[in-house]
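The structure appears below as structure tokens.
The values are calculated or read from the model by the stated rules, or taken from the named source; none is laboratory data. Quantities reported herein were computed from a predicted structural model and do not represent experimental measurements. Positions of Cβ are generated from backbone atoms using ideal geometry, with glycine treated the same way; all protein chains shown enter the neighbour counts.
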Amino acid sequence: MLTDVFGHWLRSLTIALVLQLCCQIGIAQDGDAKTWFEQGNDAIRKGDATAAVRDFQEFLQLRPESAEGYFNLGLALQSAGQLEDSLTALHKAASLQPGLHGVQLFTGIVSYKLNRLSAAHDELVSETRLEPRNAAGWMWLGVVELAREHADAAAAALDKAVALDPTNLDILYHRGRAHLLISKESYSAMFKLNPDSSRVYEVLGQSDAEAYRPDEAIADFQLAIRAAPHQPGLNEELGDACWTAGKFQEADDAYAQEIKNDASNAVTLYKLGSLRVTRSDAASGVPLLERALALDPTISDAHYYLGKGEVALGKNELAIEHFRQATNPRGTEQLRIMSWYQLAILYRNLHRTQEAGEALAAFVKMKAARDQRQQNKFEEQGRRRDQLPRQETIPATADPP
Amino acid sequence: MQEVLGAMLSAGVLLTAPLSAQTRSGAPDPSVPQESTAHAGMATGGVHPAEFDREHRPITAGGFVTTGPVIFLNAAKEAGLTTWHHEAGAPDKRFILEANGAGVALLDYDNDGWLDIYMVNGTTYDALDGKATPPHAALFHNNHDGTFTNVAAQAGVTNDRWGYGAVVADYDNDGWPDLYVTNYGKNRLYHNNHDGTFTDVAEKAGVALGSWSTGATFGDYDGDGRLDLFVAGYLEYDVRQPPVSGSKAMHYSSCQFRGVPVMCGPQGIRGELDHLFHNNGDGTFTDVSEKLGVSNPHRYYGLGALFVDVNNDGKPDLVVADDSTPNYLYINKGNGTFEDQSYASGFALNGDGREMANMGIAAGDYQNNGHMDLVTTTFSDDYKVVFENDGTGNLNDVSYKVGVAIPTIPFVGFGDGFLDFDNDGWKDLLFVDGHTYPEVDKEAWGTSYAQRPLLFHNLQHGKFELMPAVEGTGLAAVTVARGAAFGDLFNNGKIDVVINNVDQVPVLLRNVNPDHHHWVELKLIGGSKSPRDAVGATVYLTASGMRQRGDVLSGGSYLSSNDFRVHFGLGDVATVDHVEIHWPSGAVEQLKLSAVDRILIVEEGKGITEDPCRHCGQGRAN
């Protein structure tokens, strides 16, 4: 499976290395040898591994001491699926020229493909020591560690890979897998230690919340709280689940309890304040939001609810100030868009026509941009689905109208 | 439990979502309002938690109580309305054409002083192809004894097209109400022949169109004393090539609700144009929609429509409830033109700046401050929106503040209207509901295809209270409701409601509220410079220091048309201090009422010209 995943990637890397070696040694070749070598490179480029193997073998007949020739032969054999022979050729290249760029990487990869995980590991560790800035070496080391079920070591290697090449989808995929395995191992160990611990219920609650099962999440968080009444965060999570389920008073109670447990929890203060403003209790919501912002001024979204609260309290100028701050790019896009709308309505109600028009224009522009993005996303999804085999979408019982 | 944990772990559920900065669990932050995640053709709200009653029925088809106030009884059967039923396509509603249902119009077509009922019908595909007899619309003549007789065939108003809306107006000022019926296909303008029959003159009048029309409303926008006609368009829809999920024209997201395949649309389908027809005064109309900028250039999906004076300048403005797209509010500039104030007014979107799947429009002064407030019905997972009017046309979403938002979220609202059901002098609010997707009955989403109506009692200080659905009463009638029209069907001073249900018989919510409050109703007749039926007139009635407002409106609710008579509840007050009528001509007339608990006829410039006094001696209504 990994071969499939990496097929394209591996071919690209092979071509890149072959071309690199071609440039390094091409000038040094005599006429016939040079021809075979270039023919082999061309064959690799064209994806004709069999021809490449033949050409490099011919080349090595003429230049039997060429490390580059054995390296390229190893790559060609690897592409042709002759892994044992590939490994032999790569080892020969390494013995002829220790430290030849890329040899250990491919020796590790081919060893991994042959399921010789320990050897692959040693080659790739060596490769990463030689080439610590090469993301590919770290990625393959991580892949090998995953195969060895060493999730921690895999995560460490893949974290380094992603730091070097943060846009590589393969690296991101395997890094995610490594961390997923760590989580699974951790949760399994936790469950074995004490299946009734608050942490187990908390994890269950989190999974239910993520899967949009708010009622189940509420029950889990309540059990977690019963097991550990003063554990920070549990009441906040309960509050989130209750709010999501539309149980506003229960959410209010849970957030209030969280704040009792931890008076400096700015996020919970923000949530309780915004909940109360939403529930038309601006008088008690606004001070909570102010406390939240005093503790953590980066919670930009609090300004949106402060704006709504101040409107309800008739403090329009303060509301304008907060809505303006809520349009800050740090805030959630949805609340930023909504803040422009609130500003437009507020200015309009205050008969500040020009400012109302400007705010409305900003709102319409942002909303249109977001709607267009969503439309593009839908269309892209549609295009992808259109590429799938077409299924009958009209129920068989239907009569054409 | 280990199995559960193991299953979650192996499914990767625990770690699939990145941790948000503001939630520990990784679940969506509840303080950030959800964008549309239902990704349905109609839904624009987020996904809300399921709500069930004690018997695990969805709250939309349950939540009943055994005791409580009996306000409405479903008297459809006793009244003879169940001899007819609505029909549209097939019951599984695979196409949006079949799902939108139809409206109701209340009109006194024979001028006998009693309201009759017009029920719009859909049709079937076989009928469209000429292979079957089409379902007929119904015209229920009021027998004055609590029963009705369907006279549609004799009257010539069966329509026999795929009907959606109906609106009443005396467009030719001859003193007899005419009827405009919107269809998928050509619309009908039924001219009243004064003898119990009608003649379709739509083609001759130039208002037939031929696309998919929905809400219609009459209003004299240019003050020439003749009623003009606005017709909302819904979708550009080809019944021969209906939208199918996964086709080139329809991306999948427009054919799903909460991930379940449902009929496609309206999102993903091009919107139909709207039309404003100027009344030429000779029985013909001229389409002026593009010239006046009200043709729906954005191709929104028009449903409910209403001419109503939103900014209190005496000129009818135009509001259009748009499905899944922003609403329109066109302000009448008083010179025969309109200005699009949809966004600036606050009516286009809800208070969060989000468009909704708007269906019906209710207009009324629920605070008795002289301002015309507006209410729109919306889809499930979204609240129904109360727009408070500051009197200048600025509208603010106060749905949460007034207590309407939360109870309405699971419901799909269609018809709506203000009515003072207990005659206490404060306008209450009623929604009729029903989902568009039959598929919801297979899911535990806390909503249902057939739903109950919602009645909100006005508590008189800017708050509404949801009235309980008492078992066996009209508020516990679970139907797939669409159009609803409000009026005093039995001339007893109590407002009743007629509901048109998809593929079902109608519901007649007969008002049996046991109050003994006083009331008065005014039937207005315009003078030579006003429309004869006084559409566009505003009445201010002052009693015991409280000033109420009532307007004569043509259209509104969901594709429906209400009683033109202006109704006022008076509470325990038996005398009216003052009545002020603002006629469409601009004339303002002051009146004194010598008696209440009756229906009075007022002619412009002549005062009270008739007191039928049908209930003299009976005292209060009941």
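Please indicate, with yes or no, whether at least one residue in segment B:99-107 is outside any loop (DSSP other than H, G, I, E, B) and either within 14 Å of another protein chain (Cβ to nearest Cβ) or surrounded by fewer than 23 Cβ atoms within 10 Å (Cβ to Cβ) (or both).
No.
From the list A:Ser79, A:Ser86, which one is touching a Ser or Thr at 6+ places or on another chain (Cβ under 8 Å) and of a type in the set (Ser, Thr, Tyr)?
A:Ser79
Tell me the strands (runs of 3 or more DSSP E) entirely within segment B:192-287 that contain at least 2 residues that are in contact with a Gly (Cβ under 9 Å, 6 or more places away or on another chain) and over 24 Å from B:Lys333 (Cβ atoms).
It comes to B:198-200, B:209-219.
Filter segment A:187-206 down to the residues that are assigned to a helix (DSSP H, G or I), of a type in the set (S, T, N, Q) and more than 10 Å from chain B (Cβ to nearest Cβ) and list them by number.
The answer is A:Ser198, and nothing else.
Does any residue of segment B:340-357 turn out to be more than 13 Å from chain A (Cβ to nearest Cβ) and part of a strand (DSSP E or B)?
no
All but one of (1) at pLDDT 85 or above; (2) over 25 Å from A:Asp281 (Cβ atoms); (3) part of a helix (DSSP H, G or I); (4) within 30 Å of the chain's Cα centre (by Cα) hold for A:Asn328; which doesn't?
(3)
Considering (1) modelled with pLDDT of 90 or more; (2) within 30 Å of B:Tyr301 (Cα to Cα); (3) not hydrophobic (A, V, I, L, M, F, W, C), say which one B:Glu51 fails and leave the rest.
Among (1) modelled with pLDDT of 90 or more; (2) within 30 Å of B:Tyr301 (Cα to Cα); (3) not hydrophobic (A, V, I, L, M, F, W, C), B:Glu51 violates only (1).
Looking only at segment B:503-529, which residues are in contact with a Pro (Cβ under 9 Å, 6 or more places away or on another chain) and buried (at least 24 other Cβ atoms within 10 Å of the Cβ)?
Matches in segment B:503-529: B:Val507, B:Leu509, B:Gly526.
In segment A:161-186, how many residues are closer than 30 Å to A:Arg199 by Cα and either over 11 Å from the mean Cα position of the chain (by Cα) or within 14 Å of chain B (Cβ to nearest Cβ) (or both)?
The total comes to 14.
Kindly state which strands (runs of 3 or more DSSP E) lie completely within segment B:115-178 and contain at least 2 residues that are in contact with a Cys (Cβ under 8 Å, 6 or more places away or on another chain), within 21 Å of B:Ser213 (Cα to Cα) and β-branched (Val, Ile, Thr).
none
Of B:Gly353, B:Gly360, B:Gly415, B:Gly434, which residue is in contact with a Phe, Trp or Tyr (Cβ under 9 Å, 6 or more places away or on another chain), without any contact (Cβ under 8 Å) to a residue 12 or more places away in the chain, surrounded by 24 or more Cβ atoms within 10 Å (Cβ to Cβ) and not basic (Lys, Arg)?
Just one listed residue meets the conditions, B:Gly353.
Taking A:Gly285 and the conditions (1) farther than 25 Å from B:Val402 by Cα; (2) more than 10 Å from chain B (Cβ to nearest Cβ); (3) over 32 Å from the mean Cα position of the chain (by Cα), which numbered condition does it fall short on, given that it satisfies the others?
Checking A:Gly285 against (1) farther than 25 Å from B:Val402 by Cα; (2) more than 10 Å from chain B (Cβ to nearest Cβ); (3) over 32 Å from the mean Cα position of the chain (by Cα), the one that fails is (1).
Can you spot a residue in segment B:294-302 that is crowded, with 18+ Cβ neighbours inside 10 Å, assigned to a strand (DSSP E or B), of a type in the set (Ser, Thr, Tyr) and in contact with a Phe, Trp or Tyr (Cβ under 6 Å, 6 or more places away or on another chain)?
yes
When you look at A:Ala120, is it in a helix (DSSP H, G or I) and closer than 14 Å to A:Leu180 by Cα, yes or no?
no
In the set A:Ile337, A:Ile345, which member is under 14 Å from B:Gly351 (Cα atoms), facing chain B (nearest Cβ under 9 Å) and touching a strand residue (DSSP E or B) at 6+ places or on another chain (Cβ under 9 Å)?
The match here is A:Ile345.
Let me confirm something: among A:Glu258, A:Glu216, A:Glu236, which residue is at pLDDT 90 or above and more than 9 Å from chain B (Cβ to nearest Cβ)?
A:Glu258
Can you tell which of B:Tyr383, B:Tyr366, B:Tyr328 is modelled with pLDDT under 95 and hydroxyl-bearing (Ser, Thr, Tyr)?
Being modelled with pLDDT under 95 and hydroxyl-bearing (Ser, Thr, Tyr) holds for just one of B:Tyr383, B:Tyr366, B:Tyr328, which is B:Tyr383.
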